Structure formats: structure tokens, C-alpha cells
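Student: Got a structure for you, questions after.
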């Protein structure tokens with residue numbers, strides 16, 4: 001596990017080490033205390049991140065036949081679900097996250113299972129698949145899941161499927177470089193709502209902020225894009241550069257974690273106000289009146305960190 005950086009040295013939180021190959025996905029529990037990381041080393045690792053600056057490893061989920069890039073944690077935090085390139089979706093019992101047990105395995109997906117996601121009420125599980133579809137499962141009875149619907153129409157593989165906080169507007173993304181919004185108010189008869197313009201790279205992942213107003217998407221290359229979601233439509237707002245992978249929001253609504261090919265998971269601060277406050281805390285020396293006059297002339301003295 002990476003060492004905690006000295007106060008004021010940078011804006012990053014500690015990295016989480018332990019995977020022996022690329023980390024391709026991350027997921028938080030709703031209470032923000034547990035983080036799941038999944039990788040090409042065919043494992044899912046659970047971490048206690050209650051103290052963001054002192055994370056602890058809890059357990060590793062193993063037994064997969066190929067890479068695992070689709071971890072999800074149920075709303076009550078007790079049931080991890082995982083999708084693998086071995087074309088299976090697995091459910092686990094994790095009342096004690098240190099000793100999770102395999103519960104059931106779902107097969108029959110079109111190609112590899114790239115991601116899985118629980119609906120906010122925990123009753124529906126969405127899986128994005130290598131054949132471009134999103135498959136919805138009724139997991140009310142965890143031991144006997146039932147197939148509900150399959151969403152089609154994408155020209156390339158589907159890499160991500162995520163629910164909005166209200167459970168009615170999932171987003172999907174795939175190799176064709178587009179982001180789609182769906183209406184699943186009637187879960188057996190989904191309808192398309194909006195589609196973004198095709199982006200330069202395929203979409204690797206998407207995740208809603210807890211308030212449902214922001215969608216973060218990642219691509220095969222930079223950047224991580226942030227979208228405003230209003231009236232069930234997509235509007236791109238900004239981009240984060242420097243770490244390529246998949247992403248997850250913490251329940252605080254402003255901490256975003258990304259997973260990368262450098263075998264690390266990287267937390268981000270996405271709130272402009274909080275970033276400005278942190279930058280001011282680590283910036284030394286403070287901007288003084290003489291420096292202001294040198295660079296801004298007769299403009300009214302308004303230092304940014306007062």
C-alpha cells in the first residue's frame with residue numbers, strides 16, 4: 001500500500017496497491033466505508049476506506065476464469081456482484097466483508113460481462129455485455145435471479161451500464177463512443193431517452209453522482225468527462241486529465257475514484273470550490289499586493305486565497 005504523502009505535498013490521497021495486473025474497475029459501498037477494486041489478475045479486492053488517508057485491505061474474491069472488470073456492491077453493502085470476461089456474473093454473500101462467500105453464478109450473457117450494477121433499491125441488477133447489450137436481472141431472490149429484459153441497438157460492445165439514483169434512468173456506454181440514457185420505469189419495457197455525439201474513444205465506464213445531476217464517463221484514453229444531466233438529457237461540462245480507467249463516486253458526491261493501467265486506484269476531488277480551498281492551503285507563499293500589481297497592474301487587489 002502506498003505511503004501517505006506529507007501534508008501539503010500534493011492533492012492525491014494514498015494509492016491502493018496489491019493487484020498483480022491492471023486494475024480495471026472500482027466501486028464504493030453506499031456508506032462509503034468499503035471500496036472494491038477489480039483487475040486483470042482475476043481477483044476482486046475489498047478495502048476499508050473509512051479513513052481515506054489510511055485504507056486497509058479486507059479480502060480478495062477469487063476463482064474466476066478470466067479478468068474481472070465489473071464489481072458492484074448492493075445498497076445494503078452485504079452482497080458483492082462481479083462480472084468477468086469468462087462470461088459469468090457472480091453474486092456473493094458478504095455480511096462480514098473479510099470472509100465473503102460465493103452464492104450464485106449467472107451464465108448465458110452475450111460475450112464477456114464487462115460491468116454489473118445494482119438498482120438503488122437492490123432489486124434489479126444490470127449487466128453490460130461484449131455483444132453490445134445490457135441485460136437486466138431481478139435479484140429480489142438472490143439465490144434464484146430472473147431475466148427481465150435485454151437492451152439492444154449498440155453497434156459495438158457495451159462496456160458500462162449504471163443506474164441513476166432514482167433507479168429510472170440508467171446510462172450505458174460502449175466501443176462506439178456514445179453514451180445512452182434509458183427509461184426503465186417499466187423495467188420489462190425499457191425505452192431510449194438520449195444519446196451523446198460519438199466521442200473519439202470508446203466509453204470504458206460511466207457513473208452517476210449521488211444526486212444524479214452529474215455523470216462521469218471514462219474512455220480508452222484521456223480524459224474522464226463530467227456531464228450535467230438535466231431533464232433526462234446529457235450536457236458535457238468538464239474533463240479530468242492524467243489517469244485512464246474506470247470510475248466511482250463516493251457517497252459524499254464530490255470524491256471520484258479512478259482505476260488505471262498503472263495498477264493503482266486514484267481518488268479525485270471534483271468540487272471546484274473544494275479544489276480551490278485545498279490549492280490555497282498548499283500554496284506558499286500567498287499572493288501579496290506587490291506581486292498582484294506586477295502581474296495585474298491597476299486591477300483591484302483580489303487575491304484568490306483570502
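Student: Take 230, 172 and order them by how many other Cβ atoms sit within 10 Å, fewest up front.
Tutor: Sorted ascending by nearby Cβ count, the order is 230, 172.
Student: How much FRET efficiency would the formula 1/(1 + (r/R0)^6) give for residue 241 and residue 131, where r is the Cβ-Cβ distance and R0 is 41 Å, rounded to 0.05?
Tutor: The calculated FRET efficiency here is 0.80.
Student: If you average the sequence gap of Cα pairs under 8 Å that are 6 or more apart and divide by the length of the range 9-87, what percent do you get for the contact order?
Tutor: Computed value for the range 9-87: 26 percent relative contact order.
Student: Let me test this: with uniform point scatterers at the alpha carbons of the range 66-120, what is the Debye-based log₁₀ I(q)/I(0) at q = 0.29 1/Å?
Tutor: -1.14
Student: Using 0.36 nm times the number of residues separating residue 33 and residue 302, minus their current alpha carbon distance, what extension gain do you get? Walk me through the intermediate numbers first.
Tutor: Numbers: separation 269, 0.36 × 269 = 96.84 nm, distance 3.97 nm.
Difference between extended and current length: 92.9 nm.
Student: In the Gaussian network model of the chain, springs joining C-alpha atoms below 10 Å, which of 272, 14, 165 carries the largest mean-square fluctuation?
Tutor: Greatest mean-square fluctuation among the candidates belongs to 272.
Student: Using alpha carbon centroids, what distance separates the range 237-306 and the range 206-227, in Å?
Tutor: Using only Cα atoms to place each centre, the spacing works out to 18 Å.
Student: Hey, how much of the P(r) for the range 226-306 falls beyond 22 Å, as a percent of Cα pairs?
Tutor: 49 percent
Student: Something else: Per 0.36 nm of contour for each residue apart, how much would the distance between residue 144 and residue 201 grow if the chain were fully extended, relative to their Cα-Cα spacing?
Tutor: Value of the extension gain: 16.8 nm.
Student: Next question. What list of whole percents do you get for P(r) of the range 159-245, with Cα-Cα distances grouped in 5 Å bins up to the one holding the largest distance?
Tutor: 3, 16, 28, 27, 17, 7, 2, 1
Student: At a 10 Å Cβ-Cβ cut-off, how would you order 205, 286, 119, 104, fewest neighbours first?
Tutor: The most exposed by this proxy come first: 286, 104, 119, 205.
Student: Compute the length gained on full extension between residue 291 and residue 62: take 0.36 nm times their separation in residues and subtract their Cα-Cα distance, giving the result in nm to one decimal. All intermediate terms of the calculation are to be shown ahead of the outcome.
Tutor: Working: separation 229, 0.36 × 229 = 82.44 nm, distance 5.77 nm.
Length gained, residue 291 through residue 62: 76.7 nm.
Student: Could you tell me the ratio Rg/Rh of the chain? Both radii from Cα atoms, Rh via Kirkwood.
Tutor: Radius of gyration over Kirkwood radius for the chain works out to 1.02.
Student: A follow-up question, please. For the chain, what does the helix formula give at 222 nm: sum of -39500 (n - 2.57) over DSSP H segments with n ≥ 4, over the residue count, nearest 500 deg cm²/dmol?
Tutor: About -2000 deg cm²/dmol.
Values quoted throughout were computed directly from the atomic coordinates according to the rules given, and no laboratory measurement underlies them. Everything quoted here is computed from the prediction, not taken from an experiment. All Cβ positions, glycine included, derive from the backbone under ideal geometry; neighbour counts span all protein chains shown.
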